[in-house]
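Trainee: Take a look at this one; I'll ask things after.
The values are calculated or read from the model by the stated rules, or taken from the named source; none is laboratory data. In this text the structure is predicted, and so the values were computed from the model without any measurement. Neighbour counts run over all protein chains shown; Cβ positions are idealised from the backbone, glycine included.
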Amino acid sequence: MKFSILSAAMLALGLVITPVMQPLQAAPTDKEKQVEAILELLSHLEIDNIGDDLFAMMAERTVPTMRASVPNLPEEAYAMLHEELSSAFKRATADLLTSNVRLYLEHLSPEEVNDLNAFYSTPSGKKMLQVIPMLMQQSLYLGQEWIQRLDRDVRQTWTERLKQEGYLKE
């Protein structure tokens, strides 16, 4: 096989440039590293399961609603609706994940993301992930009770004050 001078020069240039370019291409950028770390964090937080949970909630509400509004369809039609919902959610899950990554990029530094990943990899972090849903639910309940008591107390003291000031008769 004969090589021209140009072919030989191109081959030599390729041999020189390729080893230099490969590390540049293979090394992820800081942004890519940060996105990777955020995806790890979202995995710890099981954000990917939120789409499944939302799908279950939507299907639970949508299918009976459609059944009530269009009652004369065969069961296969409602199965098709369930399939359409499932398909739409699968397509939209990537968008939800992308939106979450953007949100975390906006509010957390790379160091904070790395610290959180390190924490959630520990036994204490894993325990926290297990109890957070229960803590949030109970905290919400406590908050609702607190608001109701506060509302009742404010209404009572306000009513008493209105009576004292003569705005209301006893």
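Trainee: Which residues, counting only those in segment 37-60, are aliphatic (A, V, I, L, M), in a helix (DSSP H, G or I) and touching a helix residue (DSSP H, G or I) at 6+ places or on another chain (Cβ under 9 Å)? If you could, list the steps in order and put the result at the bottom.
Mentor: First pass over segment 37-60, keeping only residues aliphatic (A, V, I, L, M): 37-39, 41-42, 45, 47, 50, 54, 56-59.
Then drop every residue that is not in a helix (DSSP H, G or I), which leaves 37-39, 41-42, 50, 54, 56-59.
Listed by number, the residues that qualify are A37, I38, L39, L41, L42, I50, L54, M58, A59.
Trainee: Since V113 meets every condition but one in (1) surrounded by 14 or more Cβ atoms within 10 Å (Cβ to Cβ); (2) closer than 19 Å to N49 by Cα, which condition does it not meet?
Mentor: All conditions are met except number (2).
Condition check ((1) closer than 30 Å to M66 by Cα; (2) in the same structural domain as I47 (by TED's automatic domain parsing)) across all residues:
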{"residue": "A79", "(1), (2)": "yes, yes"}
{"residue": "S87", "(1), (2)": "yes, yes"}
{"residue": "A92", "(1), (2)": "yes, yes"}
{"residue": "S109", "(1), (2)": "no, yes"}
{"residue": "N117", "(1), (2)": "no, yes"}
{"residue": "V154", "(1), (2)": "no, no"}
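Trainee: Does T65 meet the test of being of a type in the set (V, I, T) and either touching a residue at least 12 places away in the same chain (Cβ under 8 Å) or under 30 Å from E40 (Cβ atoms) (or both)?
Mentor: When the stated conditions are applied, T65 does not pass them.
Trainee: Moving on to the next point. Cβ contacts < 8 Å: first residue in a helix (DSSP H, G or I), restricted to segment 76-99; second residue aromatic (F, W, Y), any location; separation 6+ or different chain. Result?
Mentor: L85/F55; S86/F55; F89/F55
Trainee: Considering segment 42-71 alone, what residues qualify as being of a type outside the set (D, E), surrounded by 11 or more Cβ atoms within 10 Å (Cβ to Cβ) and within 26 Å of T122 (Cβ to Cβ)?
Mentor: L42, S43, H44, L45, I47, I50
Trainee: Only residues that are of a type in the set (A, V, I, L, M), without any contact (Cβ under 8 Å) to a residue 40 or more places away in the chain and touching a Phe, Trp or Tyr at 6+ places or on another chain (Cβ under 8 Å): list them for segment 116-170, please. Quick ask: steps written out before the conclusion?
Mentor: Initial filter on segment 116-170 (of a type in the set (A, V, I, L, M)): 116, 118, 128-129, 131-132, 134-136, 140, 142, 147, 150, 154, 162, 168.
Filter again for without any contact (Cβ under 8 Å) to a residue 40 or more places away in the chain, leaving 118, 128, 131-132, 134-136, 140, 142, 147, 150, 154, 162, 168.
Across segment 116-170, the qualifying residue is only M128.
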